[in-house]
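The values are calculated or read from the model by the stated rules, or taken from the named source; none is laboratory data. This one's a predicted model, so the numbers in the text were calculated from it and none came from an experiment. In this analysis, Cβ positions are derived from the backbone assuming ideal geometry, glycine residues included, and neighbour counts consider all displayed protein chains.
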Amino acid sequence: MSKRAIILAGGRGTRLRPYTIVLPKPLMPIGEYPILEVVIRQLVRHGFDHITLAVNHQYEIIKAFFGDGTKWHVHIDYSLENEPLGTIGPLRLISDLPQHFLIMNGDVLTDLDFAAFYHKHIEANRMFTISSHQRVQRIDYGVLVSDAAGMLCGFQEKPSTSYEVSMGIYMASREILKYVSAVPYGFDNLMLDLLADKCDVKVDQFGGYWLDIGRADDYMQAIEEFENLKQRFLGE
């Protein structure tokens, strides 16, 4: 069975400036590879044979680098958005989507088993599945709690809070396209619409490695850790 992936690679990378002034964010290097090449190598390793890159900003550079995917033994094609369409909006431009397909950001470093994630969704015949991760947010300040009179009644030194967050990796069925009526239309819009319609959305929590390299801190961490964890990511 053919396995299709849509990689969202059209962002401007504003959170990574000045690094992304010259290079588009998906081509930012992690070790010897651009992050998007790491993602493509992983998908090929997990049996994906057709990858569509949804592109916009500096798309000519991305297309020149990846071509038709022959180098990676995969079919790569491109969907060009002429205006920002959000996270989910670009799917409207892709006419040959299969019944179920993977959607993911092009700046994610993870050791997720993409094949298992794909097949679990299909076997359950779900509308939408989100891969999630527990993220700890540390507040780098002493946090004060005061009462209505302005008197101190509590204190925490640099507290941490844990959140379950989206990894930017999803499985979807074509049914979600009926919600994409206006653009830009993002992941947030889709989640609110699916909740409003009481649709079943599976959240599949992942306890392995995950970084969103669109964030400067995560990008620097990825650079520091990639070489030692290369086998884990690429099986090399």
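Contact map, the range 28-44: residues that are more than 19 Å from M171 (Cα to Cα) and touching a residue at least 60 places away in the same chain (Cβ under 8 Å) paired with residues that are buried (at least 19 other Cβ atoms within 10 Å of the Cβ) and aromatic (F, W, Y), Cβ distance under 6 Å, separation 6+ or inter-chain. Pairs shown: I30/F226; G31/F226.
With respect to (1) charged (D, E, K, R); (2) closer than 26 Å to P26 by Cβ; (3) surrounded by fewer than 16 Cβ atoms within 10 Å (Cβ to Cβ); (4) touching a residue at least 40 places away in the same chain (Cβ under 8 Å), the lone exception for D204 is condition (3). For the condition in a helix (DSSP H, G or I), under 27 Å from R215 (Cα atoms) and of a type outside the set (G, A, S), F65 qualifies. Considered as a group, the residues in the range 207-236 that are under 17 Å from G31 (Cβ atoms) and assigned to a loop (DSSP other than H, G, I, E, B) include one that is nearest to the chain's Cα centre (by Cα), and that residue is I213.
Being loosely packed, with under 12 Cβ neighbours inside 10 Å and among the charged types (D, E, K, R) is the filter; apply it to the range 134-178 and report the residue that is nearest to the chain's Cα centre (by Cα).
In the first step, residues of the range 134-178 are kept if they are loosely packed, with under 12 Cβ neighbours inside 10 Å; the result is 136-138, 140-155, 157-158, 160-164, 178.
Next cut, among the charged types (D, E, K, R) only: 138, 140, 147, 157-158, 164, 178.
On the way: R138: 22, D140: 27, D147: 42, E157: 33, K158: 29, E164: 15, K178: 22 Å.
Top of the filtered list is E164.
For the range 54-73, the count of residues that are more than 19 Å from V39 (Cβ to Cβ), out of contact with any strand residue (DSSP E or B) (no Cβ under 8 Å at 6 or more places or on another chain) and surrounded by fewer than 22 Cβ atoms within 10 Å (Cβ to Cβ) is nonzero. Just one residue in the set P84, P29, P34, P90 is under 19 Å from L190 (Cα atoms) and surrounded by fewer than 23 Cβ atoms within 10 Å (Cβ to Cβ); that residue is P84.
For the range 21-62, the tally of residues that are part of a helix (DSSP H, G or I), under 18 Å from the mean Cα position of the chain (by Cα) and of a type in the set (A, V, I, L, M) stands at 9.
In the range 76-119, the residue that is farthest from I30 (Cα to Cα) out of those that are among the polar types (S, T, N, Q) and outside any loop (DSSP other than H, G, I, E, B) is S79. Using the structure shown, decide if E164 is modelled with pLDDT of 95 or more and of a type outside the set (A, V, I, L, M). For E164, the condition - modelled with pLDDT of 95 or more and of a type outside the set (A, V, I, L, M) - is met. In this structure, D193 does not satisfy being in a helix (DSSP H, G or I), out of contact with any strand residue (DSSP E or B) (no Cβ under 7 Å at 6 or more places or on another chain) and without any contact (Cβ under 8 Å) to a residue 12 or more places away in the chain. Within the range 63-104, restricting attention to residues that are polar (S, T, N, Q) and modelled with pLDDT under 95, the residue that is farthest from R45 (Cα to Cα) is N82. Cβ-Cβ contacts under 7 Å between residues 6 or more apart (or on different chains), taken from a first residue in the range 126-144 that is free of Cβ contacts under 8 Å to residues at least 60 places away in the same chain to a second residue that is among the acidic types (D, E), are listed as G142/E157. Scanning the range 141-200 for residues that are among the polar types (S, T, N, Q) and out of contact with any Leu (no Cβ under 7 Å at 6 or more places or on another chain) turns up Q156, S160, T161, S162, S166, S173, S181, N189. Among the residues of this structure, L112 counts as one that is buried (at least 18 other Cβ atoms within 10 Å of the Cβ), under 30 Å from Q231 (Cβ atoms) and at pLDDT 95 or above.
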